[in-house]
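Engineer: Quick one: structure below, then a few questions.
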Amino acid sequence: MSSQRPRIGLTGGIASGKSTVASLLAERGALIIDADRIVRELQEPGGAGLAAIVEVFGPAMLTPEGQLDRAALGSLVFADDQARERLNGLIHPLVRAAAAARLAAAPAEQLVVEDIPLLVETGQAPSFDEVIVVQAPLEVRLSRMERDRGMSREQALGRIQAQASDEERAAVATQLIINDAGLPELEAQVRALWGRLLASREG
């Protein structure tokens, strides 16, 4: 890995703590390419993603102010597998292109971590030298989604079931981080991971 920058992917199910791990890696010097942030940028008024969504799903996906109606889109795609696949087919190529541009622009000596919630679902794991998977117990995730996102238990479970399973993610992981014991333990796991990534780069 020393001859060129390793490609590092970070993923995990909704409410697993993946974003916290991304923040901890950023504190240690990683450049985080956040797929969700890219999606939000693409879905701003004037963005290619929003234009594609309206073209395919119609103007009902817009608020009166011309913004993306995220609640309407979410209700549609999480209740209809075909609609979700169509949405992914529109957005994922745009996100990958934007992420590739940011990766190419990063300083050669900097470790870059690509934070991709649907890395497993979209079949991208073989493209990475490292796949970091963050997992948390189901009940913990459901409680977080009810408390932090205002979802009902049924809504939260539906979102989780629409994603890859823990077993599917673990099968492609080169590093599994278990987020079930509080922030100090999570920080310890990230610290050990960061040390290994730096050693691999230098080796």
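The values are calculated or read from the model by the stated rules, or taken from the named source; none is laboratory data. What you see is a predicted model; the values in this text were computed from it and never measured. Here Cβ is always computed from backbone atoms with ideal geometry, including for glycine, and neighbour counts include all displayed protein chains. Please note that ligands, DNA and RNA were not included when accessible areas were found on the heavy atoms of the full protein model with its side chains. Shrake-Rupley method; radii C 1.70, N 1.55, O 1.52, S 1.80 Å.
Engineer: Between LEU138 and VAL56, what is the FRET efficiency for a Förster distance of 35 Å, r being their Cβ-Cβ separation, to the nearest 0.05? All intermediate terms of the calculation are to be shown ahead of the outcome.
Structural biologist: Working: r = 33 Å, r/R0 = 0.94.
So the FRET efficiency works out to roughly 0.60.
Engineer: Which of the trypsin sites (Lys or Arg not before Pro) found in segment 151-181 are in a DSSP loop and have at most 12 neighbouring Cβ atoms, other than their own, within 10 Å?
Structural biologist: none
Engineer: Let me ask you something else. Placing +1 at every Lys and Arg Cβ and -1 at every Asp and Glu Cβ, with all other atoms neutral, what dipole size does the chain have around its Cα centre, in debye to the nearest 20?
Structural biologist: Roughly 260 debye for the chain.
Engineer: I'd like the GluC sites (Glu not before Pro) in segment 66-119 restricted to DSSP loop residues with at most 12 other Cβ atoms within 10 Å, sorted by number. It would help to have the intermediate numbers written out before the result.
Structural biologist: Values: sites: GLU85, GLU109, GLU114; in loops: GLU109.
Passing both the DSSP loop test and the Cβ count: GLU109.
Engineer: Under 1.5 on a/c is rounded, so check that first for the chain, then, if it is not, pick prolate when a/b is larger than b/c and oblate when it is not; a ≥ b ≥ c are the square roots of the alpha carbon gyration tensor eigenvalues.
Structural biologist: Working: a/c = 2.08, a/b = 1.35, b/c = 1.54.
Oblate, because a/c is 1.5 or more while a/b does not exceed b/c.
Engineer: Give me the 1.4 Å probe accessible area per residue for the chain, excluding ligands and nucleic acids, in Å². Spell out each step's value before the answer.
Structural biologist: Details: 10440 Å² over 203 residues.
With the other protein chains kept in place, the chain gives 51 Å² per residue.
Engineer: What helices does the chain hold that run 18 Å or longer along their axis, going by alpha-carbon atoms, with a Kyte-Doolittle average of 0.0 or more, using DSSP H for the helix calls?
Structural biologist: Helices meeting the span and hydropathy rule in the chain are 81-105.
Engineer: Taking 35 Å as R0, compute the FRET efficiency from the Cβ-Cβ separation of SER23 and ALA83 and round it to 0.05.
Structural biologist: For R0 = 35 Å, the calculated efficiency reads 0.65.
Engineer: Ranked from the most accessible area to the least, with a 1.4 Å probe and all protein chains present, what is the order of GLU65, GLU130, GLU139?
Structural biologist: GLU65, GLU139, GLU130
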